[in-house]
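Peer 1: Quick one: structure below, then a few questions.
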Amino acid sequence: MLRNVEIKAILRDRAAVLAAAANKSDGPPETIVQHDFFFPCSKGRLKLRVFESGCGELIRYERDDVAGARSSHYQIVRTSDPEVLLDILSHALGRIGEVRKTRILYLIGQTRLHIDRVEGLGDFLELEVVLRPDQSEDEGQQITEALLAELGIEKNQLVAEAYVDLLSCTAAVGSGQQ
């Protein structure tokens, strides 16, 4: 199973973080439009990510919901026919949520820096330090913390929940449920 250390934060100053990311990046950014569909799963999370290009990825992952650097263990399988896979999974398992976002991806060494604009939520930063087999999670946490400091992200901006959970809370509050 692949693993990374990741962290998520609310962006207060998107332009400043974009400029800092561009300055640190190994190359030009890539803009990716994603539509994620989440399915019930007995352990961890299961989502189908559909890209604007028409291809997709089925991703299963496990990670703690903590506001700070956290390790994530994941598996990915790519598909050239995500619509059929979406239909199969939806009928077999049902859906528990959807997330639509536009992601700007910067690569900084072994770190994937995402500037996400999430429909219904706003702007976020995600860092994913893809760990090498010989690398400890502590090393990944040190990398994320150093990058957060360089980008001017403060601890009170960190977010524990996944986007799908934040959207569920927003929907519940909007409908008067809690």
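Peer 1: Could you list all residues from the range 95-125 that are farther than 26 Å from G27 by Cβ and touching a Pro at 6+ places or on another chain (Cβ under 6 Å)?
Peer 2: I96
Peer 1: In the range 82-133, what residues are in a loop (DSSP other than H, G, I, E, B) and within 16 Å of I7 (Cβ to Cβ)?
Peer 2: Residues of the range 82-133 that are in a loop (DSSP other than H, G, I, E, B), as a first pass: 94-96, 109-110, 119-121, 131-133.
Hits for the range 82-133 are G109, Q110, L131.
Peer 1: Restricting the first residue to the range 76-91 and requiring it to be touching a residue at least 12 places away in the same chain (Cβ under 8 Å), which pairs with a second residue that is assigned to a loop (DSSP other than H, G, I, E, B) meet a Cβ separation below 7 Å and a spacing of at least six or different chains?
Peer 2: If the second residue must be assigned to a loop (DSSP other than H, G, I, E, B), the pairs left are R78/C55; T79/C55; S80/C55; P82/C55.
Peer 1: Consider the range 13-26. How many of its residues are assigned to a loop (DSSP other than H, G, I, E, B) and surrounded by 13 or more Cβ atoms within 10 Å (Cβ to Cβ)?
Peer 2: Number satisfying all stated conditions: 2.
Peer 1: May I ask you to say which residue of L86, L113 is surrounded by 17 or more Cβ atoms within 10 Å (Cβ to Cβ) and over 17 Å from the mean Cα position of the chain (by Cα)?
Peer 2: Among L86, L113, only L86 is surrounded by 17 or more Cβ atoms within 10 Å (Cβ to Cβ) and over 17 Å from the mean Cα position of the chain (by Cα).
Since every read-out is calculated from the coordinates, none of them should be taken as a lab result. Only a predicted model underlies this, so the values are computations on that prediction, with no experimental measurement involved. Neighbour counts are summed over all protein chains in view; Cβ atoms, including those assigned to glycine, are modelled from backbone coordinates with ideal geometry.
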